[in-house]
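Asks: Pasting in a structure now, in structure tokens, and then I'll have a few things to ask.
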Amino acid sequence: MIIRMSKIEIAGPKDLLQQVLSLLRELGLFQVEPAAIGFIDSADEQHVRSFSLDEKTTIERLYLEDLRLKIDDLVSLLPHAAVRESYIDPPTVIEALARMVDHHTVQARELSERRDALQKERVELERNAVFLSAVASLLQSAKETPNLEFIGLTVRDPAMVGNLREAISRITDWKYEFQTGTAGDGTVVGLITVEKAIADKVKRSLADEQVPELTFPAAFGSMTFTEKIAYVNQRKIEAAAEIEGATAAQERFAHRWLPLYRSVRDWIDGRLSLLRTTASAYETKMCFFIHGWMPSRDLERIRGSLLRSLGPQVVVEEKEMREQDLEHVPIALRNPAYFRPFELMTSLLPLPAYRSYDPTPFIGIFFPIFFGIILGDAGYGLVLLLGAWYLRKRFRGDQRIHDGGTILMISSGYTIFFGVLFGEFFGDLPERLFHLQPLCVERRTAIVPMLIFSLAIGAGHVVLGLLLGAMNAFQRNLKREGLFKALSIVVIFLIAAVLASFFGVFPLVLKRPAVLLILFLTPLLLFAGGILAPLEFLKSIGNIISYVRITAIGLTSVLLAYVANQLGGLTGDVVLGVVVAGLIHGLNIVLGVFSPTIHSLRLHYVEFFSKFVEHGGRKFEPLKK
């Protein structure tokens, strides 16, 4: 439900403004409204002006904003490690930290740059190690033939290796060796062994083919391949140790200073929030005024807190809520424990307007029912119930997943209930094994009754939406809109009566009066709904027909379960039959989670909520820590 809000004005001596804002921030119940429209009468505007910050407060704000940026810069250079909480009072150390933050930033940047450089060096060493390992078999021949030159290269596209071999073969008259290997990042590296006399020609050819020659670090100098391999292996060990040391130094720095800087940053955020909120206050020569919104039930709590802390000098007044104010009232939702998890589904929609309805209770009532009717298998319901229990237990710390598990658990209960009515337990197993008949109806064969049942559900759901929309329209004094929705309800019932008379459900003698009444009400519909009234009414009829998907999706699930049991029985082997049927049932359960969810939500979002929910509300965001 939408929490009832109060329009509030808080006034008091100007020197108490910061104390009042601090107390409101502690309570976390009051949202400051920066606009004066609707709060200050036009006759009083000449005596009231926006609260002006003195020079000292302005300097403090600039000082804190600059310090906040410096702390952010420092924290970004430190590892995201779990550190203790600082219990030092931030205001007592803020000046000392302001003097040290630049020095600490330099230290942290040096540590970070050192670690980054070592990691980059290690990556290069890995690449060189792969290359050198790939050509290790040529080292012996290189010693024996000193007039050879070795050309290292990297190949971005492995498909070019064949082309390179052909090109080098033509240049060297097949007097070469070409060894390739793959680096850790997938890059192909190679070594070309040719005579020194034609080495430059080969290098020019590689340049023409845009194949970069592999260069070694300057530290390699004039080392032989054997020395290079030894150097790379040794340097890899040293680099790993240095990286570990640099990381440890960063973590020691973070454990020592990060708790204090985080604590000071949080305090600065709170202080800046108060200073910015001060700009939303108003003043006269002697007093300040704060305007805003808060839950009506908490009004006496705020009054009592301000009275105990600051005495009768600060006054809290509830202002009259006017018609134009309803468009600006912030929205806060609060639902009973059963409906609260379903806020996960309504959070996908824009917030409702203040004078509209919270859709959460409606989706909490109808969604599990639709889900249960569509899936309607007691065996599937038990599996989903166990899955929901696991989600709730495993993800207690993640509220969204926990709420999703709760919704699935409730929906599973309805699935089991309708599964019992439909006589379905992993399809038609009750009938196959125990010759049990459904308590209510067998969906696989009773297609027409299930279609009529779905249409009845749709008519009831859409009519409820129109009824709520009509009530809301009359409350907002939108008489023509309310009349159109009320007349639409009557005409829908009359059309249902006419259709029912053809099947003997409704007395045939009343069909003629019902048709005449529909014709009589049609001009009234046009008067109330305007020129688009016929389209809007046909849209409602189409919405009702759309509920046929409840039967259609449910029938798909039933038939797939039936096929699973049929195929399992045709195998002629118990174990193989259980495996085959189990795989198909598993697929059906997965589909049975997504399909009922998607289609049930669509029936709510499109067919139902469009009749009475007015969106456009803004979220209630109180001043708080």
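Asks: Checking the conditions here, which among Val130, Val135 is more than 44 Å from the chain's Cα centre (by Cα), at pLDDT below 70 and among the β-branched types (Val, Ile, Thr)? So that I can check it myself, show each step before the final result.
Replies: On the way: Val130 fails: more than 44 Å from the chain's Cα centre (by Cα).
Answer to the selection: Val135.
Asks: Now for a separate question. Between a first residue in segment 302-331 that is farther than 19 Å from Asp15 by Cβ and a second residue that is part of a loop (DSSP other than H, G, I, E, B) and among the small types (Gly, Ala, Ser), which pairs have beta carbons less than 6 Å apart while being 6 or more apart in sequence or on different chains?
Replies: Pairs found: Asp325/Gly38; Ile331/Gly617.
Asks: Kindly indicate whether any position in segment 561-579 is assigned to a helix (DSSP H, G or I), surrounded by fewer than 20 Cβ atoms within 10 Å (Cβ to Cβ) and in contact with a strand residue (DSSP E or B) (Cβ under 8 Å, 6 or more places away or on another chain).
Replies: Yes, there is a match, as at least one residue in segment 561-579 is assigned to a helix (DSSP H, G or I), surrounded by fewer than 20 Cβ atoms within 10 Å (Cβ to Cβ) and in contact with a strand residue (DSSP E or B) (Cβ under 8 Å, 6 or more places away or on another chain).
Asks: For the structure I just gave you, tell me whether Met294 is among the aliphatic types (A, V, I, L, M) and part of a loop (DSSP other than H, G, I, E, B). Let's see the steps before the verdict.
Replies: Working: among the aliphatic types (A, V, I, L, M): yes; part of a loop (DSSP other than H, G, I, E, B): no.
Judged against the criteria, Met294 is not a match.
Asks: Spot the failing condition for Pro341; the list is (1) in contact with a Phe, Trp or Tyr (Cβ under 9 Å, 6 or more places away or on another chain); (2) in a helix (DSSP H, G or I), and only one is missed.
Replies: Condition not satisfied by Pro341: (1).
Asks: Please verify whether Phe288 is part of a strand (DSSP E or B) and surrounded by 15 or more Cβ atoms within 10 Å (Cβ to Cβ), treating the condition exactly as stated.
Replies: yes
Asks: Next up: Taking Leu111 and the conditions (1) buried (at least 17 other Cβ atoms within 10 Å of the Cβ); (2) at pLDDT 80 or above; (3) under 22 Å from Ile268 (Cβ atoms), which numbered condition does it fall short on, given that it satisfies the others?
Replies: (3)
Asks: Please count how many residues of segment 56-90 are more than 12 Å from Arg265 (Cα to Cα), touching a residue at least 12 places away in the same chain (Cβ under 8 Å) and under 32 Å from the mean Cα position of the chain (by Cα).
Replies: 7
Asks: What are the pairs with Cβ atoms under 7 angstrom where one residue, in segment 524-549, is surrounded by 13 or more Cβ atoms within 10 Å (Cβ to Cβ) and outside any helix (DSSP H, G or I) and the other, located anywhere, is among the polar types (S, T, N, Q) and modelled with pLDDT of 90 or more? Sequence gap at least six, or different chains.
Replies: So the pair list comes out as Tyr547/Ser454; Val548/Ser454.
Asks: Might you let me know whether segment 363-371 holds any residue that is touching a Gly at 6+ places or on another chain (Cβ under 6 Å), modelled with pLDDT of 90 or more and in a helix (DSSP H, G or I)? Spell out how you get there, then give the answer.
Replies: Quick first cut of segment 363-371, residues touching a Gly at 6+ places or on another chain (Cβ under 6 Å) only: none.
Within segment 363-371, not a single residue is touching a Gly at 6+ places or on another chain (Cβ under 6 Å), modelled with pLDDT of 90 or more and in a helix (DSSP H, G or I).
Asks: Give me the residue from segment 14-46 that is of a type in the set (Val, Ile, Thr) and either over 18 Å from Met294 (Cβ atoms) or at pLDDT below 85 (or both) and, out of that set, surrounded by the fewest Cβ atoms within 10 Å (Cβ to Cβ).
Replies: Checking each candidate, the answer is Ile37.
Asks: Looking at the structure I just gave you, is Gly270 on the phi > 0 side of the Ramachandran plot and assigned to a helix (DSSP H, G or I)?
Replies: Values: on the phi > 0 side of the Ramachandran plot: no; assigned to a helix (DSSP H, G or I): yes.
Answer is no for this residue.
Asks: Sticking with this structure for a sec: Answer yes or no as to whether Gly381 is under 30 Å from Gly582 (Cα atoms), without any contact (Cβ under 8 Å) to a residue 40 or more places away in the chain and not acidic (Asp, Glu).
Replies: Yes.
Asks: Taking the options Phe434, Phe484, Phe426, Phe417, name whichever one is over 23 Å from Leu532 (Cα atoms) and crowded, with 18+ Cβ neighbours inside 10 Å.
Replies: Phe426
Asks: Then there's this: From the list Leu583, Leu603, Leu591, Leu623, which one is of a type in the set (A, V, I, L, M) and in contact with a strand residue (DSSP E or B) (Cβ under 9 Å, 6 or more places away or on another chain)? Walk me through it before giving the result.
Replies: Values: Leu583 fails: in contact with a strand residue (DSSP E or B) (Cβ under 9 Å, 6 or more places away or on another chain); Leu603 fails: in contact with a strand residue (DSSP E or B) (Cβ under 9 Å, 6 or more places away or on another chain); Leu591 fails: in contact with a strand residue (DSSP E or B) (Cβ under 9 Å, 6 or more places away or on another chain).
Just one listed residue meets the conditions, Leu623.
Asks: Which condition does Leu310 not pass, out of (1) assigned to a helix (DSSP H, G or I); (2) crowded, with 17+ Cβ neighbours inside 10 Å; (3) hydrophobic (A, V, I, L, M, F, W, C), if it passes all the others?
Replies: Result: Leu310 fails condition (2) only.
Asks: Scan Arg156, Arg165 and give me the residue that is of a type in the set (Lys, Arg) and either at pLDDT 75 or above or touching a Pro at 6+ places or on another chain (Cβ under 6 Å) (or both).
Replies: Arg165
The values are calculated or read from the model by the stated rules, or taken from the named source; none is laboratory data. Not measured: the values here are computed from a predicted model. Positions of Cβ are generated from backbone atoms using ideal geometry, with glycine treated the same way; all protein chains shown enter the neighbour counts.
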